[in-house]
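Engineer: Below you'll find the structure I mean.
The numbers here are math on the coordinates, done by the rules we state, and not lab data. Please read these numbers as outputs of a predicted model, since none were measured by experiment. Here the Cβ positions follow ideal geometry from the backbone for every residue, glycine too, while neighbour counts run over all protein chains shown.
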């Protein structure tokens, strides 16, 4: 019995042990499970991480290679660009040098040529001097001419005076006014009178007409001879002088027979022949026209033919041109001068004019 | 009464009429008789005599009428009012050459005085009759007709246009070619009067071929003819570039310069007018004249003449210099500035002085070289005096000021600017100070001269508004000099020094 109780107590103890161990087991199981999970997760983690690391490394390699490639391409491009820029800068520099020289040359020669301007101003000064001298000479010459002309006029006047006063010339018996015995020597008028002819009345008329009419200027405000007054008719049984003169100097009125010349007929024939020669176009009047196309002889125009050479008339020029005179001139502007025939038609200033 | 006695009465009457008309015609030549004649009512007595049977009485009456109308405007108006003109115009077409001359003389005398009388003459239909007279053979008739047309066309453009429309111009050009000198003179004068009003009228004259004939007459020895020819060419060329070029193409130029030495001053004046009118249009035409030596010739002419005769020459120099700076330099090289300064000093008339000031301004305004040449001739103080003088006319002051400004803006010749610093009013002073402020920073010798001549002192004394351009220029001048010097010359420095002396405590 005690064994039974002991065994029952042992069973109870075993049950309690079992339950305790079960509980402990269960706890340990949980714990161990947890630990196992933990270990597994760590392992999975490291495995995965190493795998990822491996993947990363590979991706990095790829990316590295790619980036390197891209960068090298870009670098090559950049090098090309830099090379190009370097070349362009060099060319620009060289072009600037060329342009510098060219612009300097061009401006100095064509835009503002200092030496040409200096030469021009020097030349202008010289030309001015020349012109001033030439004008001085010209004015001198003109002054001399005028003085000469004045002197001649004076001389002529003196001569005229002497001619007019010729009657005052001294004779052998009576000394004249200009040859007074109280003078040492005769007056120049005396000497002049001796050398000229006396002035007659008919010469005075000539003298009057020799005056230049254009020098008179205004022909009205100065005293001009008024228009002639008709003189009185002569008293008596005289006919009208105009009729008498007409009768006295009547022109000859020959009859037709008298007026024609003796060779009139021949002259008329000549006339006709000349007219025919001018007017006729066909000189060989009866040329056979059945073979006219074969008999055509080329006739040279008389205007372009001469015995020695072919003239330029009609081919080179139509009007003679003098090249020397025409040099540097612009061609003629042909301005048509208006013809005033019908301008005044229907346009008068006043009604009075319309009668015309 | 027998027939003879009856006829004798008529003869006596005719003799009396003839004597009356001849005496009146002779009396009318003297100006002192005119008044008496007018009061005695001579016009109403002469009018019926114009319709007299005897031709010589008609002619003499017309002559007397013309001489009367020539004297003054009232008589001419009385002639117009007396309805004489239509009769004269009608008989111009009919009668003999003496009558034509007398009638044309009356028309010219009437048309001379004013546009109204000329219009009255035109309204009577005189133009056609006068143009018909121009086709006559007698040169006296042509001369009288041309003179009448010239007097009509002189007044204004419409009357000239009427004359041209009547077809006068080709006939006038034919008249110029005639051998008689008086006719040539009158025809040239009429062409000049016609062309002066407008370009179209000048073009009409040119189309009729006037220029070639006028150019041929340039070297004719007759003085009055030369006057008219040059006047005509000048009037033609003044209107446009094309007309001026046509005048130049007629090879007028080197020949016209010879006439600048003519003893008659009006010939010289007209030649210089022609040269001026040609030069003013384009630089090329001016260049042509300069290359022919025209500038030197004109300058000599200015030297030889006095008064109004100089004016076209002065203006020509101004126009030439205005076109370009090389032409202005050509004027300077030909000693133009010297001559213009002499003009500026000698002349008394304001308009001539104004023209001279303008010409000098045109010469000096192009570049510092030009301004230096002008300033070295001592022109600037004179211009300043003209500007400041209260007796100068408005036009003269304006032109002097403009010239002064334009020269000053380019002038870097400091010795000439110094006197201006002391005398100039404020509006000129700012330009002078501006020029100093441009030159002084770069030139040390000039700075020294500026101080020693008292210019710096003067500059300090100028009162200017702060912030204005003048103040900035003064500041830039002051900045060229050390501080002490500027303070030394500033006004009132001696007082400051004396105050410092008073305040000083000797230790």
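Engineer: Take residue A:137, project a point 7 Å from its Cα along the Cβ direction, then tell me which residues of segment B:285-317 have their backbone nitrogen under 20 Å from it.
Structural biologist: Inside the label zone: B:292-298, B:300-301.
Engineer: Here's something else I'd like to know. Figure the gain on full extension for residue B:346 and residue B:389 (residue separation times 0.36 nm, minus the Cα-Cα span) and round it to one decimal in nm.
Structural biologist: Full extension from residue B:346 to residue B:389 adds 13.8 nm.
Engineer: While we're looking at this one, here's another question. Can you pull the one-decimal nm distance between simple spin-label points at residue A:245 and residue B:475, each 7 Å off the Cα toward Cβ?
Structural biologist: Distance between the two pseudo-spin positions: 10.6 nm.
Engineer: What is the calculated FRET efficiency for residue A:75 to residue A:50, with r their C-beta to C-beta distance and R₀ = 45 Å, to the nearest 0.05?
Structural biologist: Calculated transfer efficiency: 0.80.
Engineer: With a cut-off of 8 Å between alpha carbons and a minimum separation of six or more residues, what is the relative contact order of chain B in percent? Please report the intermediate quantities before stating the final value.
Structural biologist: Details: 711 pairs, mean separation 30.6, N = 507.
Contact order relative to length: 6 percent.
Engineer: What length, rounded to one decimal in nm, is gained on full extension from residue A:282 through to residue A:108, with 0.36 nm per residue of separation minus their alpha-carbon distance?
Structural biologist: My answer for the length gained is 55.3 nm.
Engineer: If we sort B:41-51, B:370-380, B:27-37 on the protection proxy, mean other Cβ atoms within 10 Å, highest first, what's the order?
Structural biologist: Sorting B:41-51, B:370-380, B:27-37 by mean packing, highest first, produces B:370-380, B:41-51, B:27-37.
Engineer: Shielding by partners for B:256-262, please: the mean number of other protein chain Cβ atoms within 10 Å of each residue's Cβ.
Structural biologist: 4
Engineer: Please work out the FRET efficiency for the pair residue B:198 and residue A:145, using the Cβ-Cβ distance as r and a Förster radius of 41 Å; give the result to the nearest 0.05.
Structural biologist: E(calc), rounded to 0.05, equals 0.55.
Engineer: Next up: State, to one decimal in nm, how far the label point of residue A:67 lies from the label point of residue B:463, with both points 7 Å from Cα in the Cβ direction.
Structural biologist: The two pseudo-label positions are separated by 7.9 nm.
Engineer: For a Förster distance of 56 Å, can you work out the FRET efficiency between the beta-carbons of residue A:258 and residue A:171, rounded to the nearest 0.05? Before the final figure, lay out the partial values.
Structural biologist: Working: r = 65 Å, r/R0 = 1.16.
Taking R0 as 56 Å, the efficiency between residue A:258 and residue A:171 is 0.30.
Engineer: Take the Cα atoms of the protein assembly as shown, find their three principal axes, and give me the spread along each one in whole Å, biggest first.
Structural biologist: Rounded to whole Å, the extents work out to 235, 134, 66 Å.
Engineer: Within 10 Å of each residue's Cβ, count the other Cβ atoms and sort A:182, B:319, B:489, A:51 from fewest upward.
Structural biologist: A:182, A:51, B:489, B:319
Engineer: Could you work out, residue by residue across A:135-143, how many beta carbons of other chains sit within 10 Å of that residue's beta carbon, and then give the average as an integer? Don't skip to the end; give the middle numbers.
Structural biologist: On the way: counts 10, 2, 1, 5, 6, 1, 1, 6, 2.
The mean count of partner-chain Cβ atoms within 10 Å per residue comes to 4.
Engineer: Going by C-beta contacts inside 10 Å, put A:66, B:147 in order with the fewest on the left.
Structural biologist: Exposure proxy ranking, most exposed first: A:66, B:147.
Engineer: Need one number: the % of Cα-Cα pairs in chain B sitting beyond the 36 Å mark.
Structural biologist: Roughly 52 percent, once rounded to a whole number.
Engineer: May I pose another question? Starting from the Cα of residue B:452, step 7 Å along the direction of its Cβ; do the same at residue A:125; then give the gap between the two resulting points in nm.
Structural biologist: If labels sit at residue B:452 and residue A:125, their model points lie 3.0 nm apart.
Engineer: Taking neighbour Cβ counts within 10 Å as the exposure measure, how do A:159, B:175, A:83 sort from fewest upward? Intermediate values should be presented prior to the final figure.
Structural biologist: Working: A:159 15, B:175 25, A:83 10.
Taking fewest neighbouring Cβ atoms as first place, the list is A:83, A:159, B:175.
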